[in-house]
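Every number here is computed from the coordinates shown, using simple stated rules; none is lab data. Owing to the predicted nature of the structure, the values given are computational and were not obtained by experimental measurement. No Cβ is skipped: glycine too gets one built from the backbone with ideal geometry, and neighbour counts run over all protein chains shown.
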Amino acid sequence: MLMKKAKMPPKQMADQAALALGNSVLTGLTGNPDFPNPKVPLADLQTSVNTTTASIAKADKGSSQDKAQKNADKAVLLGLLREQCDYVNDVAQGRLVILSGCGYDLSKEPQPRVLGVADPKLENGLSGQMISSTPAVTGSVAYKHQYTTDLSIAVWPEILTSRATCKIEGQVPGTILHSRIVSIGTNGQVTVSEVVSKMVA
């Protein structure tokens, strides 16, 4: 299981988003006993938030020089927030109970990818040859094309391949071939299709 982390701010953010994050981190860390010695002193972070707030307001209808100063001040603020984020993650070590009060957004846990089920189809190829196929299965990295002429056996012969289509050779014309497809996911999970049957030509 991956640890939770405070999400590292990007190097560029919209003006108001940067200010909102700065204020959120100030609120989260001020008086927070879990983070007693911030890497960036909170007074310095507050000064940067105040400076950036003023420069954003000035640049709204100001000169190109005002806009350049605003961008420079915001870059300083984001740099401080990135430094502070490293400190927060070093202290928290993935503990959600601590991270929940830090003021940063938290990283999202990857959602498991649901493995689909094959929709098998059997078709005759050359004499004695059957073609097992399925549309590509969501989340699958490999397929086992299993087949038998005797449904009473426990273990079916199979062909392991990364392809959704497979040729099954050496079958006796006139016999009924039964087939199913096992889909294999990235973490080794499997799904098994229904059985389809067809006479070998």
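Set the Förster distance to 30 Å, then compute FRET efficiency between Asp44 and Asp90 from the Cβ-Cβ distance, nearest 0.05.
Details: r = 18 Å, r/R0 = 0.61.
According to the calculation, E is roughly 0.95.
Specify the inter-centroid distance of the range 129-190 and the range 23-102, based on alpha-carbon positions, in whole Å.
57
For Leu26 and Asp66, FRET efficiency with R0 = 25 Å and r from the beta-carbon atoms, rounded to 0.05? Don't jump to the answer; show the numbers that get you there.
Values: r = 25 Å, r/R0 = 0.99.
Result of the calculation: an efficiency of 0.50.
Pairs of alpha-carbon atoms within less than 8 angstrom and 6+ residues apart define the contacts here; what relative contact order does the range 120-201 have, in percent? Spell out each step's value before the answer.
Working: 188 pairs, mean separation 30.8, N = 82.
Value for the range 120-201: 38 percent.
Per-residue HN-Hα couplings for the range 42-49, Karplus 6.51 cos²θ - 1.76 cosθ + 1.60 at θ = phi - 60°, whole Hz, x for Gly and Pro?
Going residue by residue, I get 5, 5, 5, 5, 5, 4, 5, 4 Hz, with x marking Gly and Pro.
Which entries of Lys144/Lys198; Lys67/Lys108; Lys39/Lys74 have Cα-Cα distances beyond 25 Å here?
Numbers: Lys144/Lys198 18 Å; Lys67/Lys108 34 Å; Lys39/Lys74 19 Å.
Cα-Cα > 25 Å for Lys67/Lys108; rest within.
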